[in-house]
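The values are calculated or read from the model by the stated rules, or taken from the named source; none is laboratory data. Please read these numbers as outputs of a predicted model, since none were measured by experiment. Quick reminder, even Gly has a Cβ in these numbers, built from the backbone with ideal geometry, and neighbours come from all protein chains shown. Each accessible area value is taken on the protein alone, full model and side chains, heavy atoms only, with ligands, DNA and RNA left out. Shrake-Rupley method; radii C 1.70, N 1.55, O 1.52, S 1.80 Å.
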Amino acid sequence: MSTHSTSRSLCPMHRIDLPEPGPPRPATLATGTPVWLVTRYADVRQVLMDPRFNRSSLHAEDAPPLLVVPNLLDDPNGLLNQDGEAHQRLRGTVQRAFTPRAIARWRPWVASVVEALLDDFAAQDPPADIIEGFTRPLPVSVISRLMGLDHVDRERIRHWADHALSGGAHTREQVVAAMHEFGAFAADLVAQRRKTPGDDLVSGLVAAGDSLDIDERQLVTLVCGLVVAGHETTMTALGNIVVYLLTDRQEAWPGLAEDEETAAVAAEQLLRAVPLSEGRVLPGLIRRAVEDTEVGGVTIPAGSVVAVQTNAASRDPDVFPPGPPDLFTPLTAPSVIFGAGPHHCLGAWLARLELGLALHRLAARFPDLCAEFTSGTIEWREGQMTRSPRRLPVSW
């Protein structure tokens, strides 16, 4: 089975149909497991923030299957699958590195990565592929520098990430083999940084984990998770946002070039307007009720699996103005794209920084950037938890 399937019959992500926001209602996962689908903004926030809905019970002996093929998000040792004090202890090993204040200190070198990639991209003869030339290498370069992985082949990282978040593009055997290799790499990395620490995120994680007596398997899984989550979402979002801007929202391009603050506001709106995935339920947004709980006027029985749809919640007309967003107006309510509550995405502020800087510098550097593709000619990267363009030829 190939790593990626290719399709030209799919619509861009910003045009996909999403479930209508409404009361919690029955639905079914690909495994056949029944779930309660939660789509309204207030209900989504409740489920993600209420301790009566947790992650660890999804791995209890009586838990129903959530995934047809396993992936990194299904690892019970992972940060995502811990709750309460255990979750806070493990999260505490890296949380300080991802606070808004810490991220602000990284702005100069993230900007330098952006500029270096744009220099190389500008040297190409148009039309050139902006995915391979900019949107894909940017987040990989940032997380590699942050974690001290500049010596690692980027293709290996891409291979592991593709398997770690596989949504059907690979067999169970392929995923297991790739995750075994990925885990061995992460275990060696942890051992190296314990022996010879440096000024990088992994060294800090190992030192904090050892001081807190964190289980070695959890440290290794956390390293794998940071490598993948540190670039996959941003890469996917940026590619899909470029499609949206160069097809349906070309009038917004000059506004992105004005300043970094304006672009940062636009990035928030763009994350809300352009989903990462189609109607499928993402595994990381699944919870299980540990007691009978009312959500949006519906009683969800204890033991039920609950799936939240943050993309639908981000279009809830009771919270956000309907229709295409005004990209340069701040959100009317806190975003749920990065989740909410104790499992709120650790890398949310890093992703925001990368997206805001990337959009601003790209628009400022290439004011006449235009698509050399149409909705019908885009090759899509499928078979993952998310969907994004494989290549996008552009000229300037």
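Of all residues in region 222-233, at least one satisfies being open to solvent by 10 Å² or more (accessible area, probe 1.4 Å), small (Gly, Ala, Ser) and closer than 23 Å to residue 131 by Cβ. For region 334-345, the criterion of being under 30 Å from residue 131 (Cβ atoms), assigned to a helix (DSSP H, G or I) and touching a His at 6+ places or on another chain (Cβ under 9 Å) is satisfied by at least one residue.
For residues that are surrounded by 18 or more Cβ atoms within 10 Å (Cβ to Cβ) and among the acidic types (Asp, Glu), tally how many sit in region 307-322. Of the residues in region 307-322, 1 are surrounded by 18 or more Cβ atoms within 10 Å (Cβ to Cβ) and among the acidic types (Asp, Glu). Among residues of region 19-34 that are closer than 18 Å to residue 317 by Cβ, those with a beta-carbon under 9 Å from a residue that is surrounded by fewer than 11 Cβ atoms within 10 Å (Cβ to Cβ) and not β-branched (Val, Ile, Thr) at least six positions away or on a different chain give the pairs 21/318; 23/297; 24/297.
The set of residues in region 336-357 that are farther than 15 Å from residue 264 by Cβ and surrounded by 19 or more Cβ atoms within 10 Å (Cβ to Cβ) comprises 336, 339, 340, 343, 346, 347. Just the residues that are within 15 Å of the chain's Cα centre (by Cα) and not β-branched (Val, Ile, Thr), please, taken from region 281-311. Answer for region 281-311, where residues must be within 15 Å of the chain's Cα centre (by Cα) and not β-branched (Val, Ile, Thr): 282, 283, 284, 285, 309, 311. Can you pull out the residues in region 30-76 that are among the polar types (S, T, N, Q) and surrounded by 19 or more Cβ atoms within 10 Å (Cβ to Cβ)? Within region 30-76, 39, 46, 54, 71 meet the criteria.
From the list 257, 289, the lone residue that is touching a strand residue (DSSP E or B) at 6+ places or on another chain (Cβ under 9 Å) and more than 21 Å from residue 320 (Cα to Cα) is 289. Residue 103 meets the conditions (1) in a helix (DSSP H, G or I); (2) modelled with pLDDT of 95 or more in every case but one. The failed one is (2).
Residues that are more than 22 Å from residue 192 (Cα to Cα) and of a type in the set (D, E, K, R) were ranked within region 131-150; the one that is least open to solvent (accessible area, probe 1.4 Å) is 136. A single entry from 264, 229, 237, 257 fulfils the requirement of being of a type outside the set (Ser, Thr, Tyr) and out of contact with any helix residue (DSSP H, G or I) (no Cβ under 8 Å at 6 or more places or on another chain): 229. Condition test on residue 128, is it open to solvent by 30 Å² or more (accessible area, probe 1.4 Å), at pLDDT 90 or above and among the small types (Gly, Ala, Ser)? For residue 128, the condition - open to solvent by 30 Å² or more (accessible area, probe 1.4 Å), at pLDDT 90 or above and among the small types (Gly, Ala, Ser) - is not met. Scanning region 151-165 for residues that are of a type in the set (Gly, Ala, Ser), open to solvent by 10 Å² or more (accessible area, probe 1.4 Å), assigned to a helix (DSSP H, G or I) and on the phi < 0 side of the Ramachandran plot turns up nothing.
Among the residues making up region 118-143, those that are touching a Lys or Arg at 6+ places or on another chain (Cβ under 9 Å), assigned to a helix (DSSP H, G or I) and touching a residue at least 24 places away in the same chain (Cβ under 8 Å) are 118, 122, 130, 131, 132, 140, 141. Residue count for region 108-125, restricted to those that are surrounded by fewer than 19 Cβ atoms within 10 Å (Cβ to Cβ) and of a type in the set (Phe, Trp, Tyr): 1. Please verify whether residue 105 is open to solvent by 10 Å² or more (accessible area, probe 1.4 Å), over 22 Å from residue 392 (Cβ atoms), of a type in the set (Lys, Arg) and over 20 Å from the mean Cα position of the chain (by Cα), treating the condition exactly as stated. Criteria met by residue 105.
Within region 73-85, if we keep just the residues that are in a helix (DSSP H, G or I) and modelled with pLDDT under 90, the residue that is farthest from the chain's Cα centre (by Cα) turns out to be 74. Filtering region 275-306 to residues that are open to solvent by 20 Å² or more (accessible area, probe 1.4 Å), of a type in the set (A, V, I, L, M) and at pLDDT 95 or above leaves 290, 298, 302. Taken as a whole, the condition of being modelled with pLDDT of 90 or more and crowded, with 17+ Cβ neighbours inside 10 Å does not apply to residue 88. Contact map, region 370-396: first residue within 17 Å of residue 11 (Cβ to Cβ) and of a type in the set (Ser, Thr, Tyr), second residue part of a loop (DSSP other than H, G, I, E, B) and open to solvent by 40 Å² or more (accessible area, probe 1.4 Å), Cβ cut-off under 7 Å, separation 6 or more or different chains; pairs are 375/11; 377/8.
If I ask for residues that are under 17 Å from residue 311 (Cβ atoms) and of a type in the set (A, V, I, L, M, F, W, C), which ones from region 340-354 would you list? Scanning region 340-354 gives 340, 345, 348, 351.
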